[in-house]
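**Q** This structure is in structure tokens; I'll ask about it shortly.
The values are calculated or read from the model by the stated rules, or taken from the named source; none is laboratory data. Since we're looking at a predicted model, the values are computed, not measured. In this analysis, Cβ positions are derived from the backbone assuming ideal geometry, glycine residues included, and neighbour counts consider all displayed protein chains.
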Amino acid sequence: MALRPSQMLPLGTLAPDFRLPNVKTGALESLGMHRGAKGTLVVFMCNHCPYVIHILDILMAWTESHFKKGIHTIAISSNSIITHPQDGPEEMKKLALTKKFEFPYLYDATQDVALSYQAACTPDFYLFNARLELHYRGRFDASKPGNEIPVTGADLTEAAATLLAGRKAADVQYPSMGCNIKWHDHKVPDYF
């Protein structure tokens, strides 16, 4: 596991569009299909990462409570299945069904979507406003495996509160930290 911070894409960036297969249904789905009326959270995650596993149950509760407020969540896995087969579509589907994900879990086989978002780690969070302009990018909260800080989602919750209130997000946003995205050899981005 290589610890990696997120890239911190510039605030105001328009959400790159995509069409990716939903592992639960096999159907190609787009950003527009899951866009929330008030905002959209795009999360790059995977099955095996201890940082994702550490927050997953609280993240699921967060997505459910914020869906009711008009913020929809889309989860994307972009890991290479050559090196990490446990992050492939079949295993993703098993996790989504076992955990009863209420949000779509999409697979980015080409890793082009991860590149377009400058995603670097799992989990990596991007919260967009209703116009799909980036409002927040950074960590879920300060908790990490082994640091004894409870998982609360405080940073993302505060960002969502400012979005819903029509206020500017905090100037200081801390990068997410997690496992690096497992790139195909020919896809390792220059920002990596």
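A quick yes/no check of all residues on (1) farther than 19 Å from Gly36 by Cβ; (2) surrounded by fewer than 22 Cβ atoms within 10 Å (Cβ to Cβ); (3) modelled with pLDDT under 95:
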| site | (1), (2), (3) |
| --- | --- |
| Lys93 | yes, yes, no |
| Leu106 | no, no, no |
| Leu127 | no, no, no |
| Arg131 | no, yes, no |
| Tyr136 | no, no, no |
| Ala142 | yes, yes, no |
| Val172 | yes, yes, yes |
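**Q** Those residues that are in contact (Cβ under 8 Å) with a residue 24 or more places away in the chain and out of contact with any helix residue (DSSP H, G or I) (no Cβ under 7 Å at 6 or more places or on another chain), I need them from the range 63-74; list them, please. Reasoning before the result, please.
**A** Applying the first criterion (in contact (Cβ under 8 Å) with a residue 24 or more places away in the chain) to the range 63-74 yields 63-64, 66-67, 69-74.
Passing the criteria: Thr63, Glu64, Phe67, Gly70.
**Q** Hey, can you tell me all the residues within the range 115-141 that are closer than 16 Å to Leu41 by Cβ and not in a strand (DSSP E or B)?
**A** Tyr117, Ala119, Pro123, Ala130, Arg131, Leu132, Arg139, Phe140, Asp141
**Q** Output the qualifying pairs, or none if there are none: Cβ atoms under 7 angstrom, residues six or more apart or on different chains, first residue in the range 172-192 and farther than 13 Å from Thr83 by Cβ, second residue modelled with pLDDT of 90 or more and β-branched (Val, Ile, Thr).
**A** So the pair list comes out as Gly178/Val52; Gly178/Thr122.
**Q** Taking Ala130, is it more than 18 Å from His48 (Cα to Cα), in contact with a Lys or Arg (Cβ under 7 Å, 6 or more places away or on another chain) and among the hydrophobic types (A, V, I, L, M, F, W, C)?
**A** So Ala130 fits the description; yes.
**Q** Okay, next question. On the given criteria, is Thr162 at pLDDT 95 or above and β-branched (Val, Ile, Thr)?
**A** On the way: at pLDDT 95 or above: yes; β-branched (Val, Ile, Thr): yes.
Spelling it out, Thr162 is indeed at pLDDT 95 or above and β-branched (Val, Ile, Thr).
**Q** Test of understanding: among Met60, Met33, which residue is farther than 17 Å from Thr98 by Cα and part of a helix (DSSP H, G or I)? Working first, answer last.
**A** On the way: Met60 fails: farther than 17 Å from Thr98 by Cα.
None of the other options fit; the residue is Met33.
**Q** I want to confirm something. Restricting to the range 78-89 and keeping residues that are in contact (Cβ under 8 Å) with a residue 60 or more places away in the chain and part of a helix (DSSP H, G or I), which single residue is nearest to the chain's Cα centre (by Cα)?
**A** Asp87
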